[in-house]
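Contents: one structure, followed by commentary.
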Amino acid sequence: MEFIKENRKYIYLLVAVVILIGVTYAIYSVSSLFQATTSKINIDEEAYGNTSFDSSNIDFVPILDSEVEDSIDNIIKITFRVGGASDNSDVDDIIYDVALSDLNISCDLLSPYLKWKLVKGDEEIASGSLDYKFDTIKNGRLVLTETQEDLAEYSESGSGYDDYTFYMWLSDSCQDELGKCDSKEELVDQSNLLNKRIGGKIEIEVNSGNKKKLERKPSSTLDKSVCVEE
């Protein structure tokens, strides 16, 4: 006991060093694991391409929903493909979401009339609007996919990729026939939506684990901190 009392400060110092070594090793291990995981789940950036968009060069006027896929000047349309990179060792357990990110949007466009849809191959797999009552935009981000997709293996021929088309447009309040509604209640003044801007990009968010159905988080009020007043 006398020995412990006389050497107490040295014992405390030894314990502190042992703890520090343990913490340093733990941090290094986690960092290494993260890097290994990240390198494993790369997507083929060359095939993915540029998915940024800006409505400043688009004649954004309300159109019929049925005319979206045939329209040229009145919509945002982005085609892209997703697949594993050539240096991936295994993609069997890799899943991903398609999301809008870095959104810079006029507050007026957070409306049920600014609609979007995501098509995979020839199948529409998700659709919605930028209305805050549909889903909350947080940190300029909105997930599009309702459920995660499996990452396809790298293919030199390109046959293994998932091909996507993203559409965004202003939907006319009268869908029966442009300007001819069955009742006056259907005709809405949409002039506040004209000449407004939206910009952003589509991103692929890669992860591992079990697929989960997306739970939308609508809001009861418009949060103007997520948009720009014009």
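The values are calculated or read from the model by the stated rules, or taken from the named source; none is laboratory data. Fair warning: this is a prediction, and the values are worked out from it, not measured in the lab. Here Cβ is always computed from backbone atoms with ideal geometry, including for glycine, and neighbour counts include all displayed protein chains.
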Only one of Glu6, Glu45 is surrounded by fewer than 11 Cβ atoms within 10 Å (Cβ to Cβ) and either at pLDDT below 50 or farther than 30 Å from Ser155 by Cα (or both). Can you tell me which?
Glu6
Please work out if Leu193 is buried (at least 18 other Cβ atoms within 10 Å of the Cβ), modelled with pLDDT of 90 or more and over 22 Å from the mean Cα position of the chain (by Cα).
yes
Of all residues in the range 109-131, which are surrounded by 20 or more Cβ atoms within 10 Å (Cβ to Cβ) and over 29 Å from Leu151 (Cβ atoms)?
Leu109, Leu110, Ser111, Leu114
Spot the failing condition for Ile94; the list is (1) at pLDDT 95 or above; (2) crowded, with 18+ Cβ neighbours inside 10 Å, and only one is missed.
(1)
Residue by residue through the range 206-230, note down the ones that are more than 14 Å from Ser111 (Cβ to Cβ) and touching a Cys at 6+ places or on another chain (Cβ under 6 Å).
Glu229
List every residue pair whose Cβ atoms lie under 9 Å apart, where the two residues are 6 or more positions apart in sequence or sit on different chains, the first residue falls within the range 194-216 and is assigned by TED's automatic domain parsing to the domain that holds Asn139 and more than 23 Å from Thr51 (Cα to Cα), and the second residue, located anywhere, is small (Gly, Ala, Ser) and modelled with pLDDT of 90 or more.
Arg216/Gly128
